[in-house]
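Let me begin by presenting the structure, written as structure tokens, before commenting on it.
The values are calculated or read from the model by the stated rules, or taken from the named source; none is laboratory data. Because the structure is a prediction, the values reported are computed rather than measured. Counting neighbours? That spans all protein chains shown, and the Cβs are built from the backbone with ideal geometry, glycine included.
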Amino acid sequence: MSTTGLNLKKLWVPGIYVIILVFLATLPMFGSAYSIIFLISILMYVILAVSWTVFSGPTGYISLAPAAFFGVGIYTSATLGNDLPFTALIIIGGLISTALALLVGALTLRLRGIYFAIFTFGLVELIKHTLLWYEVKFTGTRGRFVVVIDNETIYYALLIVLAVLLITAFIIRRSKYGLALQSIGEYEEAASHMGINVTLVKVLVFGFSAFFMGAAGAIMATRWTYVDPYIAFYLLFSFMPVLMGILGGMGQFYGPIIGAVMVTYLEELLLTKFPYYYMLIFGVILVVAILYLPQGLAGLIEKMRRRYLGGERART
């Protein structure tokens, strides 16, 4: 195959992402109000799922902390929304979430397997109840009112955050840090013996993923008139990105995006049709995905693509 052909093969996936982002950028010009609201939910979950996969996908460390970082972003907007511009809230929400992730990562990323998952799950509950105690004890309230922003502004803010996330995640995946993460996931002891500072790499990428979760939380807070710790640190914000990543597949860059789109659509459909059973149905979907789609939908797509290309070569 020629060098030009190889270059085109490498560029076709980023080209598709660019086309989709351009389409989404023009959608508010002809889309309905409902479609914008629905796409806001999709963009939010895509950011959470891709951010989660950037760290947990290659390393195999299952983090249940997205709700903590997302909630920190929400409370950043709720606390500082009257004093700072919207762009500053997004950046500060991301930075505070990053600082929290770096601290937590430095303390806990020496843990492995179920221990790390349990700690990150407990982190969400710890922050939620600490914040609830503080508000009841010192402010005499249980929540805060938020400065509301129009849906179109929220939509474009999420789209910009997603674009930055995809670009930086793409760069990291093809950098030495991406190779280090893959090595850690395959055999952490061997990666350490090769000279990789495994703890530093894990902590830095964990902090990177938290930035975009916090930024998304700071944006989404402006959709709600009122937030409290139970709303901001809702555990579903931790479990949904995991479900999306596993269902979509973490081996391919587009896997969590497919998972986020499908699960968000299913959530909307099931909440309408089966409001009392939708979490049970999600659980069944997760079990089926783990049992029969170990590589997720992206793995199934790649398998079908290889089979098709193999058939094409056989015919020629």
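Kindly indicate the residue of segment 66-91 that is among the small types (Gly, Ala, Ser) and surrounded by fewer than 24 Cβ atoms within 10 Å (Cβ to Cβ) and also farthest from Arg142 (Cα to Cα) among those meeting that condition. Once the filter is applied, the top-ranked residue is Ala88.
Pairs meeting the criteria (first residue in segment 119-147 and surrounded by 13 or more Cβ atoms within 10 Å (Cβ to Cβ), second residue part of a strand (DSSP E or B) and among the aromatic types (Phe, Trp, Tyr), beta carbons under 6 Å, at least 6 apart or on different chains) are Gly143/Tyr226; Phe145/Tyr226.
If you check Glu125, Glu189, Glu135 for being part of a helix (DSSP H, G or I), touching a Lys or Arg at 6+ places or on another chain (Cβ under 9 Å) and charged (D, E, K, R), only one passes: Glu135. Every condition in (1) more than 30 Å from Lys137 (Cα to Cα); (2) at pLDDT 85 or above; (3) not in a helix (DSSP H, G or I) is met by Tyr276 except one, and the failing one is (2).
Tell me yes or no: at least one residue of segment 86-97 is under 13 Å from Leu64 (Cα atoms) and in a helix (DSSP H, G or I). Outline the logic, then answer.
Step one: list which residues in segment 86-97 are under 13 Å from Leu64 (Cα atoms), which gives none.
For segment 86-97, residues under 13 Å from Leu64 (Cα atoms) and in a helix (DSSP H, G or I): absent.
With the requirement that a residue be under 25 Å from the mean Cα position of the chain (by Cα), more than 12 Å from Arg110 (Cα to Cα) and either surrounded by 13 or more Cβ atoms within 10 Å (Cβ to Cβ) or of a type outside the set (D, E, K, R) (or both), what does segment 186-196 give you? Spell out the reasoning first.
Pass one, segment 186-196, residues under 25 Å from the mean Cα position of the chain (by Cα): 186-188.
After this cut, where a residue has to be more than 12 Å from Arg110 (Cα to Cα) as well, the list is 186-187.
Within segment 186-196, just Tyr187 meets the criteria.
Taking residues in segment 55-77 that are within 16 Å of Leu236 (Cα to Cα), and partners anywhere that are hydroxyl-bearing (Ser, Thr, Tyr) and part of a loop (DSSP other than H, G, I, E, B), the pairs with Cβ atoms closer than 9 Å and at least 6 places apart or on different chains are Ala67/Tyr234; Phe70/Tyr234; Gly71/Tyr234.
Residues considered: Ile91, Ile114, Ile96. Of these, the only one that is over 15 Å from the mean Cα position of the chain (by Cα) and within 20 Å of Leu166 (Cα to Cα) is Ile91.
Given (1) under 30 Å from Ser35 (Cα atoms); (2) of a type in the set (Gly, Ala, Ser); (3) under 21 Å from the mean Cα position of the chain (by Cα), identify the lone condition not met by Gly81. It is condition (3) that Gly81 fails.
Can you name every residue in segment 239-273 that is assigned to a helix (DSSP H, G or I), of a type in the set (Ser, Thr, Tyr) and closer than 26 Å to Ile301 by Cα? Lay out the reasoning, then the answer.
Narrowing segment 239-273 to residues assigned to a helix (DSSP H, G or I): 239-248, 255-273.
Filter again for of a type in the set (Ser, Thr, Tyr), leaving 264-265, 272.
Listed by number, the residues that qualify are Thr264, Tyr265.
Residue pairs whose Cβ atoms lie under 7 Å apart, sitting 6 or more positions apart in sequence or on different chains, and linking a residue in segment 187-214 that is in contact (Cβ under 8 Å) with a residue 40 or more places away in the chain to a partner that is surrounded by fewer than 19 Cβ atoms within 10 Å (Cβ to Cβ) and among the charged types (D, E, K, R), are Thr199/Arg110. Of the residues making up segment 125-152, those that are in contact with an Asp or Glu (Cβ under 6 Å, 6 or more places away or on another chain) and among the hydrophobic types (A, V, I, L, M, F, W, C) number 0.
Here Ser41, Ser35, Ser63, Ser56 are screened, and the one residue that is touching an Asp or Glu at 6+ places or on another chain (Cβ under 9 Å), modelled with pLDDT under 95 and either within 18 Å of Ala260 (Cβ to Cβ) or surrounded by 24 or more Cβ atoms within 10 Å (Cβ to Cβ) (or both) is Ser41.
Quick check: is even one residue across segment 281-291 in a helix (DSSP H, G or I) and closer than 20 Å to Tyr17 by Cβ? Looking for residues that are in a helix (DSSP H, G or I) and closer than 20 Å to Tyr17 by Cβ, one finds none in segment 281-291, hence no. Is it true that some residue in segment 272-293 is within 25 Å of Ile47 (Cα to Cα) and charged (D, E, K, R)? No - not one qualifying residue is present in segment 272-293.
Is it fair to say Ala99 is more than 18 Å from Met220 (Cα to Cα) and small (Gly, Ala, Ser)? Considered against the rule, which asks whether it is more than 18 Å from Met220 (Cα to Cα) and small (Gly, Ala, Ser), Ala99 comes out as yes.
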